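The values are calculated or read from the model by the stated rules, or taken from the named source; none is laboratory data. Computed from a prediction, not measured in an experiment: that's the story for all the values here. Virtual Cβ from ideal backbone geometry, glycine too; neighbours counted across all protein chains shown. When the accessible area is computed, the model is the full protein with side chains, heavy atoms only, and any ligands, DNA or RNA have been set aside. Shrake-Rupley method; radii C 1.70, N 1.55, O 1.52, S 1.80 Å.
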Amino acid sequence: MGKIIGIDLGTTNSCVAVMEGGDANVITNAEGGRTTPSIVAVSESGERTVGQVAKRQAITNPENTVFAVKRLIGRKFSSPEVQKDKTILPYHVKEAENGDVRIDMRGKLHSPAEISSFILAHIKKVRRRLSGRDGNRCGNHRSGLL
Amino acid sequence: MAKSKRIVIEDEDEKIPQEPLESPPDHEEEIGEQLQASDPVKDFEEKLAEAQKEADENRERMLRMAAELENFKKRSARDQEDLKKYATENLIRQLLTVVDNLERAVDSASSEGENEQSVVDGVALTLNEIMKILERHYVKPIQALGEPFDPAFHQAMSQEEKAEQPPNTVVQEYQKGYLIHDRLLRPSMVVVSKAVSNGQSPDNTIDTSA
């Protein structure tokens, strides 16, 4: 039986826990932290970074460092929330053909859900390295306003 | 062979949906065998008692295992607590000698007739000592200045237009970073160069962006 894991995909930070012997244990990331910043960046060379590393380079690469993307999930480009966020976010928020939100990272358009999936994929990679197996049954708790 | 066939029939009442699957063709034959069997009720009771005993044993074992796991969890939690509490013991003991030396330095610096140079020398020696201790605990400083900016080790604090440095180079270090074993203990706090906008360099130096 696969292990049961729970993921908190947060607006600013994300966290993963695994059920072990009846208790939920938080899995630490590569640097020993219990939470990982929900940040994705693409460097000048096209390399994608996620988490702490993406956060550290943010100031050198503000237009291609995406944070707080959860706020944009499921919203239309024309919605007042997106229009307001657009004025304060350093990264490029664009409109898709169907009116959804797209984020431009070095010329490539990504949906907010796609950016979130990069964060999940990163956490999954770290987790797999630690637990040595893939979680099949996965609970996903999303806190905050959606 | 005959024995297993008999069981099929005995279980007939409880396993009606399974019975036809097992062996419907030789049903009549089995009934004949059943009549010859010693005592089907007694046989059934024996089997039941056996199964009951096995179930009890399994239950007993399961409970014991659960209790053992619970104990193990408690013990390992306590062990971890202890480990956390005293993990720094060895390091702190070594740091105490540094504290002693610094105390002596303060004493001698505040006493009359002590020249400044010897105080500086003393503090430098103490710094050296503490770096040795850190090294023994696998703590290493990160080389940042002049290196290409690497977010895996450096934290960008700000950017500066520099014509004499290739872009994305560490041009200033506010605070040194450290590694412990292979893990980042603290990133270097750095200023990163960026290409001069509109080609006008602040001080006229040769462009080395290649």
Worksheet item: Which lysines does B:Lys132 reach when only Cα atoms under 21 Å apart count, and residues fewer than 8 places away in its own chain are ignored?
Response: B:Lys140, B:Lys176
Item to complete: Summarise the partner chain shielding of A:6-13 as one whole number: the mean count of Cβ atoms from other chains within 10 Å of each residue's Cβ.
Response: 0
Worksheet item: How much accessible surface does A:Thr12 have with a 1.4 Å probe, in Å² rounded to 10?
Response: 90
Fill in: Approximate spin-label separation B:Glu103-A:Glu95, in nm, with each point projected 7 Å along Cα-to-Cβ
7.2
Worksheet entry | Amide hydrogen neighbours beyond the local backbone of B:Phe149, cut-off 5 Å, H modeled | B:Thr169, B:Val170
Discussion item. Buried by at least 50 Å² relative to the chain on its own: which residues of the stretch A:47-62 qualify, computing accessible area with a 1.4 Å probe on protein heavy atoms?
Written reply: A:Arg56, A:Ile59, A:Thr60
Worksheet entry | Table column - 3J(HN,Hα) (Hz), the stretch B:123-132, Karplus curve with 6.51, -1.76, 1.60, x for Gly and Pro | 5, 4, 4, 5, 4, 4, 4, 5, 5, 5
Practice prompt. Straight distance only, please: which lysines reach the Cα of A:Lys55 with their own Cα at less than 17 Å, same-chain residues fewer than 8 apart left out?
Written response: A:Lys70
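Suppose accessible area is computed on protein heavy atoms with a 1.4 Å probe; arrange A:His110, B:His181 from highest to lowest.
Accessible-area ranking of A:His110, B:His181, largest first: B:His181, A:His110.
Which whole-number percent gives the relative contact order of the stretch A:1-102, counting Cα pairs below 8 Å spaced six or more residues apart?
On the way: 148 pairs, mean separation 18.3, N = 102.
For the stretch A:1-102, the relative contact order is 18 percent.
Going down the table (A:Lys124/B:Lys74; B:Lys84/B:Lys194; B:Lys47/B:Lys74), which pairs top 32 Å between alpha carbons?
Violating the 32 Å Cα-Cα cut-off are B:Lys84/B:Lys194; B:Lys47/B:Lys74.
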Item to complete: Express in Å², to the nearest 10, the accessible area of B:Glu57 obtained by rolling a 1.4 Å probe over the protein heavy atoms while all chains stay in place.
Response: 100
